[in-house]
Amino acid sequence: MDFLNRFMVVAVQRSKALPFGGRLGGEELERVREQVRLAARFASVAQQITFDAPARERWIAAYDELSRGEAGLVGAATARAEAHSVRLALIYALLDCSQVIQLEHLEAALAFWAYSAASARWVFGDSIGDPTADEIWALARERHDGLTRTEVSNLFSRNKKAREIDRALQALIDAGRLERATIRDARSDRTLTIWRPTSELSPAGA
């Protein structure tokens, strides 16, 4: 995942089948060529590109949310949100041959990144990236009253080692999926330790 987050995940779906591709030609093609040529020449000159005042204020406002991050595979895939967003904004500015990143460049970049992050969520879902933890989480989502350690062991037909289960449970706690709690079992009048979805992910918190 340290490799994947160097790229942007983008979900696409073709609208039609074009065996020979599209047909961009004539004045339209020449216009694109000219714009790319001008942008490449502009970008080849060493210069400092900064935010203008409105873009700077918008970037400050957006930065905290971009830096917040997410858990699981989605979080690993989108860990470079700030870097990707500012690079996109720079690309948009260079394509416009602009010496500053303007608000419209930044807004376009943030919209692009938002779609990429949504694509990553669509691809990876709520997977932790740990097969043992993912199996426990799949059961926990159906058992909002919580799972006992015995029930977790039974999920794997008691074929998982205790340290493997402990590690997976801790991974789910660290990811904010599960919380550990102690309850009184009315039937046996014993104290039980359970693992249950956090309040934010429980039906009451949804």
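The values are calculated or read from the model by the stated rules, or taken from the named source; none is laboratory data. Everything numeric in this text was worked out from a predicted model, so none of it was measured. All Cβ positions, even for glycine, are placed from backbone atoms using ideal geometry, and neighbour counts span all protein chains on display.
Find the residue count for the range 103-117, including only residues that are surrounded by fewer than 15 Cβ atoms within 10 Å (Cβ to Cβ) and among the aliphatic types (A, V, I, L, M).
Here the count works out to 2.
Mind listing whichever residues of the range 37-83 are in contact (Cβ under 8 Å) with a residue 40 or more places away in the chain and farther than 30 Å from GLY176 by Cβ?
Passing the criteria: LEU38, ALA39, PHE42, ALA43, GLN47, ILE49, THR50, PHE51, ASP52, PRO54, ALA55.
Among the residues of the range 119-134, what is the count of those that are in a helix (DSSP H, G or I) and in contact (Cβ under 8 Å) with a residue 24 or more places away in the chain?
Looking only at that region, the number is 8.
Condition check ((1) of a type outside the set (S, T, N, Q); (2) more than 20 Å from ALA11 (Cα to Cα)) across all residues:
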site	(1), (2)
ALA46	yes, yes
ALA55	yes, yes
ALA61	yes, yes
GLY72	yes, no
SER85	no, no
LEU90	yes, yes
VAL100	yes, yes
GLU104	yes, yes
TYR115	yes, no
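Within the range 135-147, can you find the residues that are touching a residue at least 12 places away in the same chain (Cβ under 8 Å) and either in a helix (DSSP H, G or I) or touching a helix residue (DSSP H, G or I) at 6+ places or on another chain (Cβ under 9 Å) (or both)?
Selection gives GLU135, ILE136, TRP137, LEU139, ALA140, ARG141, ARG143, GLY146, LEU147.
Matching residues to (1) of a type in the set (A, V, I, L, M); (2) more than 30 Å from ALA89 (Cα to Cα); (3) over 19 Å from the mean Cα position of the chain (by Cα):
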{"site": "TYR115", "(1), (2), (3)": "no, no, no"}
{"site": "ARG149", "(1), (2), (3)": "no, yes, yes"}
{"site": "ILE165", "(1), (2), (3)": "yes, yes, yes"}
{"site": "ARG184", "(1), (2), (3)": "no, yes, yes"}
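Among the candidates GLY129, GLY146, which residue alone is closer than 19 Å to ALA76 by Cβ, surrounded by 13 or more Cβ atoms within 10 Å (Cβ to Cβ), modelled with pLDDT under 95 and not acidic (Asp, Glu)?
Just one listed residue meets the conditions, GLY129.
Applying the selection to the range 31-72, what residues are in a helix (DSSP H, G or I), modelled with pLDDT of 85 or more and in contact with a Phe, Trp or Tyr (Cβ under 8 Å, 6 or more places away or on another chain)?
Matches in the range 31-72: TRP59, LEU66.
Within the bounds of the range 158-176, is there any residue that is surrounded by 17 or more Cβ atoms within 10 Å (Cβ to Cβ), more than 30 Å from VAL86 (Cα to Cα) and touching a strand residue (DSSP E or B) at 6+ places or on another chain (Cβ under 8 Å)?
yes
Within the range 44-56, is even one residue of a type in the set (Gly, Ala, Ser) and surrounded by 13 or more Cβ atoms within 10 Å (Cβ to Cβ)?
Yes, the range 44-56 contains a residue that is of a type in the set (Gly, Ala, Ser) and surrounded by 13 or more Cβ atoms within 10 Å (Cβ to Cβ).
Take the conditions assigned by TED's automatic domain parsing to the domain that holds ALA11 and either under 18 Å from THR198 (Cβ atoms) or surrounded by 15 or more Cβ atoms within 10 Å (Cβ to Cβ) (or both) and apply them to LEU66. Does it pass?
yes
Within the range 3-30, restricting attention to residues that are part of a loop (DSSP other than H, G, I, E, B) and aliphatic (A, V, I, L, M), which residue is modelled with the lowest pLDDT?
Among those that are part of a loop (DSSP other than H, G, I, E, B) and aliphatic (A, V, I, L, M), it is LEU24.
Exposed (fewer than 10 other Cβ atoms within 10 Å of the Cβ), farther than 23 Å from SER85 by Cα and among the hydrophobic types (A, V, I, L, M, F, W, C) - does that describe any residue in the range 8-18?
Within the range 8-18 (the criterion being exposed (fewer than 10 other Cβ atoms within 10 Å of the Cβ), farther than 23 Å from SER85 by Cα and among the hydrophobic types (A, V, I, L, M, F, W, C)), the answer is yes, since at least one residue qualifies.
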